[in-house]
Amino acid sequence: MAAIELAGVKKTYPGGAQVIHGIDLAIGDGELVVLVGPSGCGKSTLLRMIAGLETISDGTISIGGAVVNTKEPAERDIAMVFQNYALYPHMTVRGNLEYGLKNRGTPRAEIDARVEAAARTLEISQFLDRKPRQLSGGQRQRVAMGRAIVRQPKAFLFDEPLSNLDAKLRGQMRIEIRRLQRSLGTTSVYVTHDQLEAMTLADRLVVMNGGHIEQVGKPTELYDRPASLFVAGFIGSPPMNLLDVAALQALPGVTLPDALPDGTDIVGIRPDAIILGTAAPGDILLSGTVELIEPVGGESHLYVRVAGLEQAMIIVAQGRSELVEAASLDFALPADALHPFSRATGKRL
Amino acid sequence: MVENRPWLNVLTHLVLVVGVIIIAFPVYLAVIASTHGPGAFLSNVVPLLPGSYMLDNYGQMLSQGMSTSGAPPLTLMLANSLVMAIVIAVAKIAISIISAYAIVYFRFPLRTLAFWIIFITLMLPVEVRIIPTFKVVADLGLLNSYAGLTIPLIASATATFLFRQFFLTVPDELMEAARVDGAGPMKFFRDILLPLSRTNMAALFVILFIYGWMQYLWPLLVTTDPKFYTVVMGIKRMAAVADADPQWNLVMAAVVLAMLPPVLIVIFMQRLFVKGLVETEK
Amino acid sequence: MQTKRTIFPNRWLPYGLLAPQLAITLVFFIWPALQAVKSSFEREDPFGFKTTFIWFANYSKLLADPMYLNALWRTLIFAVLVTVIAMGVSLILAVAVNRLLRSGRVYTTLLVWPYAVAPVVAGILWWFMFNPSIGILSYVLGQMGVTWNHRVNADQAMILIVLAASWKQISYNFLFFVAGLQSVPASLSEAAAIDGAGPFKRFWTIVVPLLSPTTFFLLIVNINYAMFDTFGVIDATTSGGPAQSTNILVYKVYADGFLGLNIGSSAAQSVLLMLIVIVLTVVQFRFVERRVQY
Ligand SMILES: Nc1ncnc2c1ncn2[C@@H]1O[C@H](COP(=O)(O)OP(=O)(O)O)[C@@H](O)[C@H]1O
Ligand SMILES: [Mg+2]
């Protein structure tokens, strides 16, 4: 077990493209930190630098208090789970699980014991003598996990391990990874572009954008107080409505709450914070036309066009809405649910 | 596709049967000739049906050879050919796979230059640089030796390219996983890459074995001692004599024996053969 | 040039891995080739005591030599005939096999094995069949009133080596044509059939155009084969005769250098041949690069 610390980490690929622009991040012992961000923002690069698969252009990475910048992956005592699993195709499942232990000179008896234990934990005992190609996608994923846990490393590094699974299996495995990580208590860094996966798994969430960290915090913190327009738009589904203050103020009968900080030119509101019908004093009252209704079971997503606003707003209505498309709708934005942002800096005010 | 054109089907088989006959006839004649006694070739046309001297002819060729042409027994020449073909095939595969490994899995100064040097060998077949190559081999004292027969032929651009192509299709993550699992470069090569290359190596072996077996000009140049004759070049010497002193039955027995090993390989390892042929040419 | 995303950090290991291949290439390929280039600019006195640098004299002499021009011409005829015959016959056979389902495999097996017959052996087989005194084909021709003797008749000698060389190459072309035909999507032919095109029309309008990459590839390979891999065929049958009529370039290099001991001229011939191979290789590679994504 170990803490992982990144200080001023930068990456410039040979050829000159700088993709990581100075990352500082402290990951506590036993913590599960999720790196999330759009595709191409540098999550994998950062993870692979921690693993030792990419050189570090600048800054330091330490694992368990020791700087590992120039250490080989194997010397860092980490285990990695890849998106395509990277199982050795010519080895049996047992061979895959054993390989890392054998290379480290672990005694035979201990190898067997650890493989048995890992296989039992992941419920792959009956597949131990099969080759990877004789397994389903989900089973392969478990073997990849097994290969990481038999090693009992200081840290697990996951690079989109569930992206190749179908939605249902992805949900199941997500829960299983969470449970496993809790029970083993191994420090973990988990990369994904899927914000739902990120929210549900993370002890702490790191939102990355363009090689920078946008915000670090508990998932609920990030949801409740996104530090930037980027985070506000990225976390939460359906995404936060971001409204232009000037356009809002130009609407008849709309006044913005005094509590909004000076210089607010964009306000955000979560689709599920919007109240249908009447407003409390101080709330912003709007009316619009329902363009589209997406029933998603327990709730419905309404796409509402407000005259004078550029984009349709998304509203989450609880239960099954009786509204029909083209109906007109009154709704309220509660004053305490507004997120104030500055367009110029992109930051929360 | 369902298509009912009986005449087209008949034509198809007709074409193929004629094709097979054209392909097989020269060899059929050779086999027939190898079963006759020496007297059969004095009349004015070769026999078309088998004779009864098969065992005598093959027995004589294998154990004694043709005394008049100064060629050693075929057993020796076959053994030489076998050694040459196997050494060439194995060595080509070995040095090519490690070169490809270096080029794909490492980055180092002069890497591109190394690649081009290997590539250039494609443009220098032995036939076109024959005299200076002969001279190098002579200067190194490799005439009349197995080393001289094989070493100059074991550089291979095509095999290197084949392995390079294959390695590029091996997912990067496999090597990364192995590194995380504590495997260094040689361990990764031995434990992962080599087993994954098995089919490619086998396919290549078939092609290269045939290549080595068919060598003619090179053994002709570097061997003057009958001890090192290979069967393919030995036959030519016998045939040259047979023209004057028609022992066609014996020459054709030798021809059949010289064809047999590689032809059997093609027939019985057809899948590997086709794979090797098609992939090395990509 | 492409490598893996991550690479091993070792500094010396890759050189060690490349060393055997590079050593052999340098000693037995590059060095002799350079020697050939060097000697092609030199004249050696008859006793080998003294060499003089003579610029392009060897080349100009060579290109003015009617024997060399004859060899060039003969090589051209030979290469064109072998390429056309070997490709034509194999295309017909491949198309036929491609029409069949199960029995196609049997025919394939029966057709591919000559690949494993050495050129010199192919030469002997055909030489045997055309042997003027006992050969079956010369006998049949004799019955038809044609006197066959490739030892004196230049055209007949050419026919002999063309047949022997083509016979051996058919199996190779056949395999590549079959592979090419199998990669033509059946749906295209089916669509054309629905549009009412008969089998021959479909072949010309759908299959032939889609097969053109294979055809072009084989064209280069066959020219290469006819020019450089047929040494054994010539040596086993005609030895370049009669009267130089089958003395193609590769055979002439050998004959002039080894038998005639004319080092300077042979070296100049080698260099010219290398240029031809380089051109063919570059053309082929250009084409391969277009076809296979690196
Ligand atoms: N080997 C490389 N050389 C140059 N650029 C690279 C390399 N690998 C990745 N990149 C670039 O770095 C950026 C970040 O990539 P990556 O870390 O894989 O993103 P993510 O995992 O967040 O999708 C991308 O723009 C990608 O194009
Ligand atoms: Mg990624």
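The values are calculated or read from the model by the stated rules, or taken from the named source; none is laboratory data. Fair warning: this is a prediction, and the values are worked out from it, not measured in the lab. Please note: Cβ atoms are built from the backbone with ideal geometry, for glycine as well, and neighbour counts cover all protein chains shown. Surface accessibility is based on the protein's heavy atoms, side chains included, excluding ligands, DNA and RNA. Shrake-Rupley method; radii C 1.70, N 1.55, O 1.52, S 1.80 Å.
Rounded to the nearest 20, the size of the Cβ-charge dipole of the range C:57-293 about its Cα centre is 380 debye, with Lys and Arg at +1 and Asp and Glu at -1.
To the nearest 20 debye, what charge dipole does chain B have about its Cα centre, counting +1 at the Cβ of each Lys and Arg and -1 at the Cβ of each Asp and Glu?
Values: 17 positive and 14 negative charges, 94 e Å.
The dipole magnitude comes to about 440 debye.
Counting only protein heavy atoms and a 1.4 Å probe, the range C:13-53 has 56 square angstrom of accessible area per residue.
Please give the peptides C:190-200, C:4-14 ranked by average Cβ packing (other Cβ atoms within 10 Å per residue), highest first, as a rough proxy for protection.
Details: C:190-200: 12.4, C:4-14: 16.3.
Those peptides, ordered most packed to least, come out C:4-14, C:190-200.
Using R0 = 45 Å, the C-beta based FRET efficiency linking B:ALA24 and C:GLU44 works out to 0.35.
Once you reduce the range C:191-238 and the range B:71-127 to the center of their Cα atoms, the two points are 30 Å from each other. Between A:ASP258 and A:SER237, the FRET efficiency estimated from the beta carbon spacing at R0 = 30 angstrom works out to 0.45. Couplings for the range A:210-221, taken from phi via the Karplus curve 6.51 cos²θ - 1.76 cosθ + 1.60 with θ = phi - 60°, read x, x, 10, 8, 8, 6, 10, x, 5, x, 5, 4 Hz in order; Gly and Pro are left as x.
Using only atoms on other chains, find how many Cβ atoms lie within 10 Å of each Cβ of peptide A:84-90 and report the average.
On the way: counts 5, 4, 10, 3, 8, 6, 6.
Per-residue shielding by partner chains comes out at 6.
Specify whether the C-alpha gyration tensor of the range B:143-247 places it in the rounded, prolate or oblate class, a ≥ b ≥ c being the square roots of the eigenvalues: rounded for a/c under 1.5, otherwise prolate if a/b is larger than b/c and oblate if not. Please list the in-between numbers first.
Numbers: a/c = 4.47, a/b = 3.14, b/c = 1.42.
It comes out prolate by the Cα gyration axes.
Spin-label pair C:LEU26-C:ARG102: with each label point 7 Å from Cα along the Cα-Cβ axis, the two points sit 5.9 nm from one another. Note down the relative contact order for chain B as a percent, whole number, built from C-alpha pairs under 8 angstrom at least six residues apart. It comes to 31 percent, rounded to a whole number. Classified by the C-alpha gyration tensor, chain C has an oblate form. Its axis ratio a/c, with a ≥ b ≥ c, is 1.5 or above, and a/b does not exceed b/c.
Which whole-number percentage describes the relative contact order of the range A:241-341, with Cα contacts under 8 Å and a sequence gap of 6 or more? Mind showing how you got there, number by number?
Working: 213 pairs, mean separation 36.2, N = 101.
In percent, rounded to a whole number, it is 36.
The length gained by stretching the chain between C:VAL140 and C:LYS61 to full extension, at 0.36 nm per residue less their Cα-Cα distance, is 24.0 nm. Residue separation of C:VAL37 and C:VAL152 scaled by 0.36 nm, minus their Cα-Cα distance, works out to 37.8 nm of gained length. Charging the Cβ of each Asp and Glu at -1 and of each Lys and Arg at +1, and nothing else, the dipole of the range B:1-155 about its Cα centre rounds to 540 debye.
What does the accessible area per residue of chain A come to in Å², with a 1.4 Å probe and no ligands, DNA or RNA counted? Working shown, then result.
Working: 15090 Å² over 349 residues.
Per residue, chain A has 43 Å² of solvent-accessible surface.
Taking amide H as placed 1.01 Å from N in the peptide plane, the amide H of C:ILE54 sits under 5 Å from that of C:GLU42, C:ARG43, each at least 5 places away or on another chain.
Rank C:THR25, C:THR147, C:ILE77 by how far each Cα sits towards the positive end of the charge dipole of chain C (+1 on Lys, Arg Cβ; -1 on Asp, Glu Cβ) and give me just the farthest. About the Cα centre, the residue reaching furthest to the positive side is C:THR25.
Here the spin labels are modelled as points 7 Å beyond Cα on the Cα-Cβ line, and at C:PHE53 and A:SER57 they lie 5.0 nm apart. For the range C:58-105, a decrease in accessible area of 30 Å² or greater in the assembled protein chains relative to the isolated chain, with a 1.4 Å probe, applies to C:LEU93, C:ALA96, C:ARG99, C:LEU100, C:ARG105. In chain B, the calculated helix contribution to ellipticity at 222 nm averages -21500 deg cm²/dmol per residue, counting -39,500 (n - 2.57) for every DSSP H run with n ≥ 4.
Given just the C-alpha atoms of the range C:80-121, how large is their convex hull per residue in cubic angstrom?
Values: hull volume 2.5 nm³, N = 42.
Spelled out: Cα convex hull of the range C:80-121, divided by residues, is 60 Å³.
Legend: residues in the range B:114-147 shielded by at least 50 square angstrom of accessible surface upon adding the remaining protein chains to the isolated chain (1.4 Å probe, heavy atoms) are B:ILE117, B:MET123, B:LEU124, B:GLU127, B:VAL128, B:ARG129, B:ILE131, B:PRO132, B:VAL136. Between 0 and 90 degrees, the angle of helix B:248-268 with respect to the longest Cα principal axis of chain B falls at about 30 degrees. Calculated on C-alpha atoms, the gyration radius of the range A:215-292 divided by its Kirkwood radius gives an Rg/Rh of 0.97. Axis angle, to the nearest 10 degrees, between helix A:93-103 and the longest C-alpha principal axis of chain A: 70 degrees.
Relative contact order of the range A:4-233: 29 percent, from C-alpha pairs under 8 Å at least 6 residues apart in sequence. What the Cβ-Cβ distance of B:ALA79 and A:ARG182 gives, at R0 = 60 Å and to the nearest 0.05, is a FRET efficiency of 0.30.
What accessible area per residue comes out for the range C:141-263, rounded to a whole number of Å², with a 1.4 Å probe? Before the final figure, lay out the partial values.
Details: 4840 Å² over 123 residues.
Ligands and nucleic acids excluded, the figure is 39 Å² per residue.
By accessible area, using a 1.4 Å probe on protein heavy atoms only, the protein assembly as shown has 61% of its surface on carbon and sulfur.
Per DSSP H run of n ≥ 4, the term is -39500 (n - 2.57); total these for chain C, divide by its residue number, and report the mean residue ellipticity at 222 nm rounded to 500 deg cm²/dmol. Please list the in-between numbers first.
Numbers: 14 runs with 198 residues, N = 294.
Calculated at 222 nm, the ellipticity per residue is -22000 deg cm²/dmol.
Report the rotationally averaged projected area of the range C:13-53 based on its alpha-carbon convex hull, in square nanometres. Value for the range C:13-53: 3.7 nm².
Translational diffusion coefficient of chain B (Stokes-Einstein, Kirkwood radius from Cα pairs, 10 °C, 1.306 mPa s): 72 µm²/s. Which of the lysines could a cross-linker bridge to C:LYS61, judged by Cα under 23 Å and excluding same-chain residues fewer than eight apart? Excluding near neighbours in sequence, the set is C:LYS38, C:LYS50, C:LYS252. Working from label points 7 Å from Cα in the Cα-to-Cβ sense, the A:ASP272 to A:SER287 distance is 2.9 nm.
Probe radius 1.4 Å, ligands and nucleic acids left out: can you give me the accessible area buried at the B-C interface, summed over both chains, in Å² to the nearest hundred? Could you put the intermediate results ahead of the total?
On the way: alone 16410 and 18550 Å², together 24720 Å².
Roughly 10200 Å².
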